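Below is one structure, written out as structure tokens; the observations come after it.
Just so it is clear, none of the values below were taken in a lab; they were calculated from the coordinates. The shown structure was predicted, so the numbers you read here are calculated from the model rather than taken from an experiment. For neighbour counting, all protein chains shown are included, and Cβ atoms are generated from backbone atoms with ideal geometry for every residue, glycine included.
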Amino acid sequence: MKQLLVSIRRTPYQSLAVFSSLFLTLFLSLLLVFCLNFLYGLLGYVESRPQVTIYFQNETSEPSILKVKNELEKSGKVESVKYMSKNDAYALYKQLNKDNPLLLEMVTADILPASLEIFAKKPSYLPEIASYLNNVTGKDEVNFQKNVVDKLLSLTSVVRTMSLAFFLFLMGSTIIILMTITHFKVALKKEEIELLRLMGATAGYVRKPFMNQAVFLGFVASTVVYGIFAGILFLIYPSMQGYLRGIQSLFVDLGPYKLVVWPLSIVYAGGLYILLTLFGMGIAGFATYFATRKYLTIQRN
């Protein structure tokens, strides 16, 4: 470690340039990954909500509502239909506003409408289901969520494509910068390297100090980036809690495993740090390896 720090101090400006390049790439990459995770979590949350909801007038009887429910289930176009009575709606309202006694005092079960929450088997069935519900007797309002899902899906697709393109540009630029700086650092030790090669040193032995320094700077840059990002999240966390109030959890579906991105957890935070560190050390080591390999190949020829 002492020798590693000495080598960094001998080339402070080059080391600072490597650190700065890695810092910018890692910070923006972490920001993109975090935002994409949240967008996918929100998309999954919206898709898990009732796609069509019909609210009934207060005077509509329960048998009439259940009749509509049965007709929807017999149509073969719905995955499920959930009946929420006035009492169920009031229980949900109390749960969502348990920290606000004033709101609880202002509302009773009598003023909350009964409703049916419908999940369609196919998105193409949604307009037909909504059209049918609009003609139901006793209907007060029909809430059709298809536009919300479509817009969020479109936004997620656009952000994902732009993020991937931007990420590839960042990674390519960083690799080029790191390779250029490494070439310069290797050139400064040209005579020392030539002497080592004459003494029988292998390419791996010559490359090792540069690799160690690059991987170390990748680790330091990753840790600093994560610390700053965690500090920013800590500052905006109360605002995020207010904005996402009522949403118990957001997760990204990874097949057999569901990655919970909200509320923030130790597992998610630790996973981000490990991935960021591996990426930072990997990209620094990759660029340095190929830079030194190219130089040593040219020198051998």
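Say R0 is 41 Å: what FRET efficiency, to the nearest 0.05, do Lys67 and Val267 get from their beta-carbon distance? The value I calculate is 0.30.
Estimate the FRET efficiency between Arg293 and Leu28 by the formula 1/(1 + (r/R0)^6), using the beta-carbon distance for r and 45 Å for R0, to the nearest 0.05.
Working: r = 28 Å, r/R0 = 0.61.
In this case the efficiency is close to 0.95.
For segment 77-141, trypsin sites (Lys or Arg not before Pro) meeting the loop criterion (DSSP other than H, G, I, E, B) and having at most 11 other Cβ atoms within 10 Å: Lys98.
Can you give the extra length, in nm with one decimal, that the chain gains between Phe219 and Leu92 once fully stretched, where that is 0.36 nm per residue apart less the Cα-Cα distance? Could you put the intermediate results ahead of the total?
Numbers: separation 127, 0.36 × 127 = 45.72 nm, distance 4.72 nm.
Computed gain between Phe219 and Leu92 is 41.0 nm.
Pairs of Lys residues in segment 50-144 that lie 8 or more places apart, or on two chains, and have C-alpha atoms under 22 angstrom apart add up to 25.
Label separation (Glu79 vs Ser131): 2.3 nm, computed from points 7 Å beyond Cα along the C-beta direction.
Quick one: length gained pulling Ala187 to Lys121 fully straight, 0.36 nm per residue minus the C-alpha distance?
Contour length minus Cα-Cα distance gives 17.3 nm.
Modelled label positions at Val158 and Ile274, each set 7 Å beyond Cα in the direction of Cβ, lie 3.6 nm from each other.
Based on the Cβ-Cβ distance of Asn212 and Met240, what FRET efficiency does E = 1/(1 + (r/R0)^6) give at R0 = 30 Å, to the nearest 0.05?
0.15
Using the number of other C-beta atoms within 10 angstrom as an exposure proxy, rank Ser15, Ser239, Ser157, Ser222 with the fewest first. It would help to have the intermediate numbers written out before the result.
On the way: Ser15 20, Ser239 9, Ser157 12, Ser222 26.
So the ranking, lowest neighbour count to highest, is Ser239, Ser157, Ser15, Ser222.
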